[in-house]
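Chemist: First, the structure itself, so that you have it in front of you.
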């Protein structure tokens, strides 16, 4: 028989303050964490209100940080970033704010260098159409615009 630890509202609130101060979190992550702690809905609402009013939880800040870091570190395109933010139930307003963190010139540069780097990794594919497909699939999965991807694959693999 498994026993679950129970928390008072103050204990759960303190725990969520620590959780949110380690890195930016979205409302959905915090809500899920509180539900895992078996908190009742009124306590969840109370704790979320406390975290928002005291600056521990800020969805716009989360979205901006998320977009910036996924673009810089994982080289994700805007489509993938949008998809991931929507899964976290971030509002359209905050998604637009997050995408404004990405510089257009840098966006084009990263796309170009990522495509060339990936093409260099696809060496042992003699069929040019399969090679194009592998490159296109990789770039589309990463969230880059489809028209860019198909243009670039034709440019790099004539």
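Chemist: In whole percent, what relative contact order does the chain give with Cα contacts below 8 Å and a gap of six or more residues?
Modeler: 21
Chemist: Here's something else I'd like to know. Once you order the gyration tensor axes a ≥ b ≥ c over the Cα atoms, which shape class does the stretch 79-151 get: rounded for a/c under 1.5, otherwise prolate or oblate by comparing a/b with b/c?
Modeler: Prolate, because a/c is 1.5 or more and a/b exceeds b/c.
Chemist: Can I ask one more? Helix 27-36: angle to the longest alpha-carbon principal axis of the chain, degrees 0 to 90, nearest 10?
Modeler: The helix 27-36 is inclined about 50 degrees to the chain.
Chemist: Could I ask something else about it? For the chain, take the longest principal axis of its alpha carbons; what is the angle in degrees between that and the long axis of helix 146-156, to the nearest 10 within 0 to 90?
Modeler: Approximately 40 degrees, to the nearest ten.
Chemist: Based on the Kirkwood radius over alpha-carbon pairs, what is the Stokes-Einstein translational diffusion coefficient of the stretch 59-99 at 10 °C with 1.306 mPa s viscosity, in µm²/s?
Modeler: Here the translational diffusion coefficient equals 165 µm²/s.
Chemist: Taking the Cα-to-Cβ direction at residue 101 and at residue 14 and moving 7 Å from each Cα, how far apart do the two end points lie in nm?
Modeler: Placing both labels 7 Å along Cα→Cβ, they lie 3.1 nm apart.
Chemist: Between residue 112 and residue 60, with labels modelled 7 Å along Cα→Cβ, what's the label distance in nm to one decimal, could you check?
Modeler: Going by the 7 Å Cα→Cβ label model, 3.4 nm.
Chemist: If you don't mind, there's one more thing I want to ask. Kirkwood Rh over alpha-carbon pairs of the chain, then Stokes-Einstein at 37 °C and 0.692 mPa s: what D in µm² s⁻¹, rounded to an integer?
Modeler: 181
Chemist: For a Förster distance of 25 Å, can you work out the FRET efficiency between the beta-carbons of residue 35 and residue 84, rounded to the nearest 0.05?
Modeler: Computed FRET efficiency for residue 35 and residue 84 comes out at 0.75.
Chemist: May I ask you to derive the FRET efficiency for residue 141 and residue 52 from their Cβ-Cβ distance with R0 = 41 Å, giving the value to the nearest 0.05?
Modeler: 0.75
Chemist: Taking the alpha-carbon set of the stretch 104-143, what are its Rg and Dmax in Å?
Modeler: So, for the stretch 104-143, Rg and Dmax equal 10.9, 34 Å respectively.
Chemist: If one takes the longest principal axis of the Cα atoms in the chain, at what angle in degrees, from 0 to 90 and to the nearest 10, does the Cα axis of helix 104-121 lie?
Modeler: Once rounded, the angle reads 60 degrees.
Chemist: How many nm separate the modelled label positions at residue 28 and residue 150, each set 7 Å beyond the Cα in the direction of the Cβ?
Modeler: Result: 3.0 nm between the two label points.
Chemist: Here's a follow-up. Taking just the C-alpha trace of the stretch 9-53, give me its Rg and Dmax in Å.
Modeler: For the stretch 9-53, the Cα-based Rg and Dmax read 9.2, 25 Å.
Every number here is computed from the coordinates shown, using simple stated rules; none is lab data. No experiment lies behind these values; they were computed from the predicted model shown. Using ideal geometry, Cβ is built from the backbone for each residue, glycine included, and neighbour counts are taken over all protein chains shown.
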